[in-house]
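Step one of this worksheet: look at the structure below.
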Amino acid sequence: MNVLSVVIPAYNEEGGIAHIIERVLSISPELTDAGVDDLELIVVDDGSRDETAAITAHYPNVCLIRHPTNRGYGAALKTGFSRARGNLLGFLDADGTYPPEHFPDLCRVAVEEHVDLVIGSRMAGAESEMPLVRRVGNFIFANLVSLLGNHRVSDSSSGMRVIRREALPRLYPLPDGLNFTPVMSTRALHEDIRWQEVPIPYQERVGRSKLSVVRDGMRFLSTIVWTALNYNPVRVLGGIGLG
């Protein structure tokens, strides 16, 4: 029996949380066609100061977990994973940028092709409303991860994925911040995790972005390099020396 547990980390997302919850709950029939027998939805309120938790609580078939203080994007996801009952673990943002309607596509790959990690790629040709500066940043980080991991990745920072539960321990440890996803991608390549990318569309978010292009970009860069160093210091340092 395949159960998909979708985790949504939410921090001050009162403007969009209801809409994304309803969109996720609506995909159950399509999930059945993709070989998934049941859907569990978990929202982790990460210390929000608005009505995010109160709005979520109105949905009786949604599991609401609350952090008393803001602990970070990655920390919220790890809390959700620890409480999930599914053998397939999915996640996406609360701001409406990622399309939950494509979870059946990701799950079909995981189930039928026995893939451990399926990444919804915003950079693989599907329609995208990603701002130019973020598109350039994602291009740079994807190529860096590809170079360090010696395997082509088109979207190393995508926030929509499906993971087989048994593969999760091999991806840990993972950081608590927004650099959760690029570190996961880097570790997946070096741990020989079976993974595949599936093209997905991407929309502009509801509300103001919490991502700082400079601050978080530097954090992405440093954690990707340090993670790769732990696995293959000769390749990383040799590349730096050659440069």
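Quick notes on this structure:
- The stretch 56-81, residues that are open to solvent by 40 Å² or more (accessible area, probe 1.4 Å) and more than 25 Å from residue 174 (Cα to Cα): 57, 58, 59, 60, 61
- From the list 164, 152, the lone residue that is without any contact (Cβ under 8 Å) to a residue 12 or more places away in the chain and farther than 20 Å from residue 95 by Cβ is 152.
- Residue in the stretch 154-164 that is of a type outside the set (Gly, Ala, Ser), modelled with pLDDT of 95 or more, touching a helix residue (DSSP H, G or I) at 6+ places or on another chain (Cβ under 6 Å) and open to solvent by 10 Å² or more (accessible area, probe 1.4 Å) present: no
- If you go through the stretch 1-39 and keep only what is within 24 Å of residue 181 (Cα to Cα), open to solvent by less than 70 Å² (accessible area, probe 1.4 Å) and of a type in the set (Asp, Glu), you end up with just 13.
The values are calculated or read from the model by the stated rules, or taken from the named source; none is laboratory data. These figures come from a predicted structure and were not determined experimentally. We place every Cβ from the backbone using ideal geometry, glycine too, and count neighbours over all the protein chains shown. Just the protein is used for accessible areas: all its heavy atoms, side chains included, with ligands, DNA and RNA removed. Shrake-Rupley method; radii C 1.70, N 1.55, O 1.52, S 1.80 Å.
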